[in-house]
Amino acid sequence: MKAAIYLGQENVEVRKLPNPVCGDNDVIIKNIYSSICGTDVAVYTKGPNTGHRVTVGGEFGHETVSRIVEVGKM
């Protein structure tokens, strides 16, 4: 899978990560579309520690349209 990783002010890198494994109590959700919002813009332009939960090294972006692709045993 691909993910946008936040590396600091005005620094986001798209990386290929391993696909997650669905455990017994998990759900795998595939993002179909992803966008940005004001929070993303603020953190991107002003840097970390702006009062938002985006951290350096974390995945960036949270406005998504998704679908369930796998459900654990639950």
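What do you reckon, is Ile36 among the hydrophobic types (A, V, I, L, M, F, W, C), touching a helix residue (DSSP H, G or I) at 6+ places or on another chain (Cβ under 9 Å), without any contact (Cβ under 8 Å) to a residue 60 or more places away in the chain and open to solvent by 70 Å² or more (accessible area, probe 1.4 Å)? Spelling it out, Ile36 is indeed among the hydrophobic types (A, V, I, L, M, F, W, C), touching a helix residue (DSSP H, G or I) at 6+ places or on another chain (Cβ under 9 Å), without any contact (Cβ under 8 Å) to a residue 60 or more places away in the chain and open to solvent by 70 Å² or more (accessible area, probe 1.4 Å).
Pairing each residue of the stretch 59-70 that is touching a residue at least 24 places away in the same chain (Cβ under 8 Å) with any residue that is open to solvent by 80 Å² or more (accessible area, probe 1.4 Å) and of a type in the set (Phe, Trp, Tyr), provided the two are 6+ apart or on different chains, yields C-beta distances under 7 Å for Thr64/Tyr33; Val65/Tyr33.
(1) farther than 22 Å from Val71 by Cβ; (2) hydrophobic (A, V, I, L, M, F, W, C); (3) open to solvent by less than 70 Å² (accessible area, probe 1.4 Å): which one isn't true of Cys22, the others all being true? Cys22 satisfies all of (1) farther than 22 Å from Val71 by Cβ; (2) hydrophobic (A, V, I, L, M, F, W, C); (3) open to solvent by less than 70 Å² (accessible area, probe 1.4 Å) except (1).
Residues that are in contact with a Lys or Arg (Cβ under 6 Å, 6 or more places away or on another chain), assigned to a loop (DSSP other than H, G, I, E, B) and exposed (fewer than 10 other Cβ atoms within 10 Å of the Cβ) do not occur anywhere in the stretch 50-71.
The values are calculated or read from the model by the stated rules, or taken from the named source; none is laboratory data. Computed from a prediction, not measured in an experiment: that's the story for all the values here. Note that each Cβ is placed from the backbone with ideal geometry, even for glycine, and that neighbours are counted across all protein chains shown. Surface accessibility is based on the protein's heavy atoms, side chains included, excluding ligands, DNA and RNA. Shrake-Rupley method; radii C 1.70, N 1.55, O 1.52, S 1.80 Å.
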